[in-house]
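The values are calculated or read from the model by the stated rules, or taken from the named source; none is laboratory data. These numbers were taken from a predicted model, which means no experiment stands behind them. Because the Cβ atoms are built from the backbone with ideal geometry, glycine has one as well, and the counts that use them run over all protein chains shown. Please note that ligands, DNA and RNA were not included when accessible areas were found on the heavy atoms of the full protein model with its side chains. Shrake-Rupley method; radii C 1.70, N 1.55, O 1.52, S 1.80 Å.
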Amino acid sequence: MEMDQLVALCKRRGFLFQSSEIYGGLQGFWDYGPMGVELKRNVREAWWRDMVTAHNELQPPPGAPSPYEMVGLDCAIIMHPQVWKCSGHYDLFHDLMVDCRESKRRYRYDQIQGRWVEAKGQTIFVTGEAQGPEAIADLQHKALRFFNLRSKEADELQWHGPVASLTTLESAPMPAPGEGKAAAAGGPGKVYDFSRVLGPDAKTLGTLTAPREFNLMFKTIVGALGGEEDAAFLRPETAQGIFVNFKNVLDSTRVRVPFGVAQLGKSFRNEITPRNFTFRSREFEQMEIEFFCHPGQSRAWYQYWRDRRYRWYTDLGLAGQRLRLRDHTPEELSHYSCGTADIEYAFPFLAAGDFGELEGVAHRGDFDLRSHMEGKLVRQGDALVVEQDAQGKPKYRGSGKDLSYFDDLTKDRYLPHVIEPSAGADRATLAFLCEAYCEDEQPDESGKPTKRVFLRLHPRLAPIKAAVFPLVKKDGMPEVAKEIYAALKPHFNAFYDEKGAVGRRYRRQDEVGTPFCITVDGQTLSDGTVTIRDRDTLRQWRVKKEDCPAEIRGRLGI
Ligand code: ATP
């Protein structure tokens, strides 16, 4: 499947629209249409139900070290600014960006790809932002233009080495005498020689600036006075709301460690280059769990959650080779994490063999609760210590509240360790759409084979579970069809359609992934049965019209 086909289907059938499209759109923001809103709600509801409300705290699920409890929270998007100072987001949540002096465009440093190419006695590093299969053609096009060559003269370009990130050009500086140690520790900084680099949108060489840090948090002002001291941030993740409410949850419920707190809601990141449809948006929804456990059991819980979360995706239909679970290498781990695994999907917009993150499952130790008690932490050797300012005081003070847990059975007091499965609702929705997109050939009304597009969505995720059609708009068929429709509606989302040829009505439902279509025809009027048609196999069978709700519910498993 080409990504363009899915994007076109999403627009045509009302899954996704560009935000503020009539004004030319706003990059990195998306609106879910009438079908998309149902699909994404189903993704969120499946997550909430499977992780929270349907979880049985009396029995350990398969693979869990013991039974555990789950509760939920719904926190404010704007929180006290100190939250982000102690969590590290204020100082550390940034990407590196590069500006082009010629085109005035801004790029994410690690997303510029390029390749060394030689022609007419000159060697340059030609760059672009294209990913995947288009990258090579894009670089060739730019190199031809730079060297003033025509397409048929492409042989004159001599390529050296593979396509590589611009970051591979940076180097540690040659240490000056006596500076060796500082340079080895990253002291005087890196050297960026971009003089032979052709920027992605530039015509001349050497127009890219050295990379600079760019904080991804959206800033806003709280209250009418509007001074810098009133600045606050839109949350870049939902997790912190759970940590700062840890004590409230303990004090207001009877949960005991181990337990998990789930939260689902909007997060905001001012991504430098939002792209790949909804994959990298500036406003998106997260589905996060913070699972609190005894430090001695945290490794076993980490294993459990890593496997449990992977299985959630396979159970909902991402069962193919495009889904994988990848453990981070020690170099990739955050400074506080003793283990992280990503659940990744091979999205069609990525190069062959590349995967994009759907969810990260991280062992975070006691980093978060300690930060909110003591203040922002930094690593010193093997230990985490409170970061100090020039006067030797904590750089960002914590709340000073005791966030430890007292186990009244063992009389043990400790700071729980945290396992965090952190998923994105929009990325999951996009992966389910990509996986579901199918094409086959079916005879149309006149028997001619024609292309059929259908979404093989898991029935739990499908926006509409069943559509009801009268074959024709006469002979009492609409009346019977409307009765069936009314009987289905209290149970699940159903759709009634009597307009146009029945073949076309089937195709519309196939394109939005409706698993079953019920048709009232001539035979219904004589024997009271209707046909039910299966979206994937196109098999049709007859049932009594009053049995439709039970038949569909049985097949949907709801
Ligand atoms: P990436 O490396 O792709 O930017 P991340 O590692 O920063 O992602 P996390 O901070 O671990 O992401 O966030 C958890 C989840 O939130 C991600 O796995 C993803 O599903 C979702 N997410 C993060 N950033 C975005 C975004 N810009 N747009 C859509 N979803 C996002």
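Descriptive notes on the structure:
- Test: residue in the range 514-522 that is free of Cβ contacts under 8 Å to residues at least 24 places away in the same chain and open to solvent by 20 Å² or more (accessible area, probe 1.4 Å): no
- If you go through the range 376-400 and keep only what is touching a helix residue (DSSP H, G or I) at 6+ places or on another chain (Cβ under 9 Å) and farther than 20 Å from Pro295 by Cα, you end up with Lys376, Val386, Glu387, Pro394, Lys395, Tyr396, Arg397, Gly398, Ser399, Gly400.
- When residues of the range 352-370 are limited to those that are away from the ligand (no atom under 16 Å from the Cβ) and either among the β-branched types (Val, Ile, Thr) or surrounded by 17 or more Cβ atoms within 10 Å (Cβ to Cβ) (or both), the one farthest from Leu433 (Cα to Cα): Arg370
- Verdict on Tyr414 being open to solvent by less than 40 Å² (accessible area, probe 1.4 Å), of a type in the set (Phe, Trp, Tyr) and out of contact with any Ser or Thr (no Cβ under 9 Å at 6 or more places or on another chain): no
- Of all the listed residues (Asp74, Asp31), the sole one being in contact (Cβ under 8 Å) with a residue 60 or more places away in the chain, within 30 Å of Val222 (Cα to Cα) and of a type in the set (D, E, K, R) is Asp74.
- Residues of the range 83-109 satisfying the condition of being farther than 30 Å from Trp305 by Cα, of a type outside the set (Asp, Glu) and open to solvent by 60 Å² or more (accessible area, probe 1.4 Å): Leu96, Arg101, Lys104, Arg105, Arg106
- Filtered residue count, the range 422-463, keeping only those that are of a type in the set (Val, Ile, Thr) and open to solvent by less than 10 Å² (accessible area, probe 1.4 Å): 1
- Of the strands (runs of 3 or more DSSP E) lying entirely inside the range 228-299, those carrying at least 1 residues that are more than 10 Å from the ligand (Cβ to nearest atom) and open to solvent by 10 Å² or more (accessible area, probe 1.4 Å) are 231-233, 259-268.
- The lone exception for Ser66 - which of (1) in contact with a strand residue (DSSP E or B) (Cβ under 8 Å, 6 or more places away or on another chain); (2) among the polar types (S, T, N, Q); (3) touching a residue at least 60 places away in the same chain (Cβ under 8 Å) it fails: (1)
- Phe406 passes every criterion in (1) under 30 Å from Phe279 (Cα atoms); (2) without any contact (Cβ under 8 Å) to a residue 24 or more places away in the chain; (3) aromatic (Phe, Trp, Tyr) apart from (1).
- Among (1) open to solvent by 60 Å² or more (accessible area, probe 1.4 Å); (2) in contact with a Ser or Thr (Cβ under 9 Å, 6 or more places away or on another chain) - the single one Arg533 does not satisfy: (1)
- Subset of the range 110-159 [part of a helix (DSSP H, G or I), within 17 Å of Pro200 (Cα to Cα) and open to solvent by 70 Å² or more (accessible area, probe 1.4 Å)]: Asp110, Glu134, Ile136, His141, Arg145
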